[in-house]
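Structure first, then comments.
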Ligand code: MG
Ligand code: ZN
């Protein structure tokens, strides 16, 4: 009898429990924060990018954008910015003095896109054709009073939130005068350094590619497809994760061609950057949830595509200065939130336009 009761009780419990099992509800597809790709042509003004229409083999990738704006790039202390203040104003929401990296005009540390987005679960990557410690990439992770402090900047890279980077700059990480071995420090922080590339990225690891002692070679000196190829590698690594990502890609040497007043140097770097924009756009179009913003930090060289001695059918690229200029700089945007980039505004507004989309 007793056994019987226990059996009945058991049946009741089991049937009650089974009634209580909820059917798994269909999960609402939660929209992921958009990926963000920011591409900076250092020294890329309107004439520089116009050169992709006259000297490129195929069609310029800039033709593929239809949301276009302009930024004023003046710094906090000068009508004409340098690349440190220019990049700081893109990476953070403030103007600063020429030479400053990641500090505002009062030398107070200002949060960068890499830092803010990492905190809200983004993976991050930086690519440049300069040293990774050079002004433009540095402004995304470092905070120093002067851009020349590249040894300090390298140490801050080791402790940064960056998950993937590719650029030059070995000499700031190894064989340093202070004896510090930052290559070992990178490994200690979970970086795989100068790995041979394959498609099997380990998302528990970070990846560092330091591929030249200082800046990468110029295109004219054999750099090849480093920038478009590593941009694709970074995309492959970042999309292997479920997290959204932020990536900054710099065509660093458009500026160096301008300072040298060397049109062949400038145009070859510009065409390489255009090709890299094509890689990022192909991905953004396919992905459908990636905001791509392409701009310059300032113009270099007062570069123009003038008529050669009155011959309106022949372009003669000319320079008016070995320095930067104050010309407004075009901004191209594609993807979610791209229309926020229309209009004429300050370079320091880019940060908030990006952050509006990332939450
Ligand atoms: Mg630069
Ligand atoms: Zn410059």
If you go through 165, 140, the only one that is part of a strand (DSSP E or B), touching a residue at least 40 places away in the same chain (Cβ under 8 Å), crowded, with 23+ Cβ neighbours inside 10 Å and touching a strand residue (DSSP E or B) at 6+ places or on another chain (Cβ under 9 Å) is 165
Among 48, 155, 59, which is the only one that is surrounded by fewer than 22 Cβ atoms within 10 Å (Cβ to Cβ), modelled with pLDDT of 95 or more, part of a helix (DSSP H, G or I) and out of contact with any strand residue (DSSP E or B) (no Cβ under 6 Å at 6 or more places or on another chain)? 155
Residue 259 fails exactly one of (1) within 16 Å of ligand 1 (Cβ to nearest atom); (2) touching a helix residue (DSSP H, G or I) at 6+ places or on another chain (Cβ under 8 Å), namely (2)
Among the listed residues 146, 151, which satisfies the condition of being touching a residue at least 40 places away in the same chain (Cβ under 8 Å) and either under 30 Å from residue 224 (Cα atoms) or within 16 Å of ligand 2 (Cβ to nearest atom) (or both)? 146
Of all residues making up segment 230-250, the number that are within 16 Å of ligand 2 (Cβ to nearest atom) and over 13 Å from the mean Cα position of the chain (by Cα): 0
Name the residue, out of 86, 69, that is touching a residue at least 60 places away in the same chain (Cβ under 8 Å), under 18 Å from residue 346 (Cα atoms), crowded, with 21+ Cβ neighbours inside 10 Å and touching a strand residue (DSSP E or B) at 6+ places or on another chain (Cβ under 6 Å). 69
If I ask for residues that are surrounded by 23 or more Cβ atoms within 10 Å (Cβ to Cβ) and within 26 Å of residue 325 (Cβ to Cβ), which ones from segment 273-291 would you list? 273, 274, 276, 277
Residue satisfying all of: in segment 202-215; touching a helix residue (DSSP H, G or I) at 6+ places or on another chain (Cβ under 6 Å) and surrounded by 20 or more Cβ atoms within 10 Å (Cβ to Cβ); nearest to residue 38 (Cα to Cα) among these: 208
Among the numbered criteria (1) away from ligand 1 (no atom under 16 Å from the Cβ); (2) closer than 28 Å to residue 276 by Cα, which one does residue 102 miss? (1)
Tell me which residues, restricted to segment 100-121, are in a loop (DSSP other than H, G, I, E, B) and surrounded by fewer than 24 Cβ atoms within 10 Å (Cβ to Cβ). 104, 105, 106, 107, 108, 110, 111, 120, 121
Quick one: residue 130 ticks every box in (1) more than 16 Å from ligand 2 (Cβ to nearest atom); (2) more than 25 Å from residue 290 (Cα to Cα); (3) part of a strand (DSSP E or B); (4) in contact with a helix residue (DSSP H, G or I) (Cβ under 8 Å, 6 or more places away or on another chain) except a single one, so which number is it? (1)
Pick out the one residue from 197, 186 that is under 23 Å from residue 247 (Cβ atoms) and part of a helix (DSSP H, G or I). 186
In this structure, is residue 167 under 22 Å from residue 42 (Cα atoms) and touching a helix residue (DSSP H, G or I) at 6+ places or on another chain (Cβ under 6 Å)? no
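The values are calculated or read from the model by the stated rules, or taken from the named source; none is laboratory data. Values in this document were obtained by computation on a predicted structure and should not be read as measured data. Glycine also receives a Cβ, built like all others from the backbone with ideal geometry; neighbour counts cover every protein chain displayed.
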